[in-house]
Amino acid sequence: MRRIGLRLIAEKKAAIVAETAATEKGRGVERKDITERDLLTLLIRANMATDIPESQRLTDDEVLAQVPTFIVAGHETTSTATTWALFALAQRPHVQRKLRAELLGVPTDGPTMDALNALPYLDAVVRETFRHHAPVPMSLREAVQDDVIPVGTPYTDKHGRVRETVEVRRGDLVCLPILALNRRCDIWGDDAHEFRPERWEDVPEAAASVPGVWGNLLTFLGGPRACIGYRFSVVECVPAAVFLSLPRQVCSELLGRTKALLFALVRAFEFELAVPAEDVKKQSRIVTRPVVTGPDGRAKASLPLIIRPYRA
Ligand code: HEM
């Protein structure tokens, strides 16, 4: 990561310097010159801008330190969410058809962020994917001191006592059950374990109690350490046309793009599972990925799909 990150930073810096020298007779970069939309270029250009004080600049090492965040916190999570969305769509042709009909109703291949956000069924499919297939299924916190955690509903402990708090000792690990909360029947109803985008037409009142930063869900967690990238993830931050016209290498730097990706993919292709659904297992190593056992007996992270160009 360090080797590739340093190379990318050097290449982007050289490109910015060459571009400025050629077009502006060496005036130097200013904030208004920042037009490239990929995240690393934005960061480097902002950092090189002559109208930003020295004290606000990042060192190359600090820029480099952002790369794992882009890749692990941003890219892995968002690409896994898109994979699970395709898994859900491949098993439900009616949902796939309904979504495609809505997407084909958009008169351009390059809708703006606002146009993407105005598509109700795309929104419902993305919300349901993040609810039902939360890419990060749980997280942990370590208690730094003895404490008590109040609970919403009293419970009976193993000694038969009704309790309203959970006591924790310093050093105890506390699990934050993201996926379990997203799929609670007392919040989402008896079909909470099913993938059903239509549920977002009428969100149950109980969902308002979920302290998540986005969408009545715990997918991006909540509170002061919630995900900083959730808006980026839910909808791409540039028009889809820009994203689609970029080479693959650049696309992988544009992290959060679930809606833009689904817009492009579902308009153009039909998806079907290439293996029985029960052969697709889940493996959680921070992020939950689909895994399939190959002919060599080894389980690998993959989702075999049959993909056909869509013909109206
Ligand atoms: C589907 C996409 C994503 C999911 C499901 C997701 C989920 C999460 C979760 C659950 C946390 C809290 C982890 C914890 O504290 O235990 C988190 C934190 C974080 N996420 Fe995301 N994330 C996504 C996309 C992104 C993107 C696109 C970025 C960056 C552009 C990003 C950057 C971060 C960072 C920096 C933190 C740490 C925040 C802090 O500790 O203050 N994430 N994310």
Can you name the residue in the range 41-91 that is outside any helix (DSSP H, G or I), modelled with pLDDT under 85 and among the hydrophobic types (A, V, I, L, M, F, W, C) and is also surrounded by the fewest Cβ atoms within 10 Å (Cβ to Cβ) among such residues?
52
Checking 112, 156 in turn, the sole residue that is closer than 30 Å to residue 263 by Cβ and either polar (S, T, N, Q) or within 16 Å of the ligand (Cβ to nearest atom) (or both) turns out to be 112
Got a sec? Which of 70, 87 is closer than 30 Å to residue 306 by Cα, under 16 Å from the mean Cα position of the chain (by Cα) and away from the ligand (no atom under 12 Å from the Cβ)?
87
Quick one: is residue 100 over 29 Å from residue 266 (Cα atoms), more than 16 Å from the ligand (Cβ to nearest atom) and at pLDDT 80 or above?
no
Which number in (1) under 29 Å from residue 282 (Cβ atoms); (2) part of a loop (DSSP other than H, G, I, E, B) marks the one condition that residue 107 misses?
(1)
How many of the residues in the range 151-182 are surrounded by 13 or more Cβ atoms within 10 Å (Cβ to Cβ) and under 22 Å from residue 193 (Cβ atoms)?
7
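Condition check ((1) crowded, with 20+ Cβ neighbours inside 10 Å; (2) within 15 Å of residue 81 (Cα to Cα); (3) of a type in the set (Val, Ile, Thr); (4) at pLDDT 90 or above) across all residues:
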residue: 226; (1), (2), (3), (4): no, no, no, yes
residue: 241; (1), (2), (3), (4): no, no, no, no
residue: 245; (1), (2), (3), (4): no, no, no, no
residue: 251; (1), (2), (3), (4): no, no, no, no
residue: 254; (1), (2), (3), (4): yes, yes, no, no
Mind telling me which of the residues 285, 289 ends up being within 16 Å of the ligand (Cβ to nearest atom) and modelled with pLDDT under 90?
285
Please specify each residue of the range 135-150 satisfying the condition of being away from the ligand (no atom under 16 Å from the Cβ), over 26 Å from residue 187 (Cβ atoms) and surrounded by fewer than 11 Cβ atoms within 10 Å (Cβ to Cβ).
145
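The values are calculated or read from the model by the stated rules, or taken from the named source; none is laboratory data. Every value quoted in this text rests on a predicted model; they were computed, and no experiment measured them. So basically every Cβ, Gly included, is an ideal-geometry build from the backbone, and we count neighbours across all protein chains shown.
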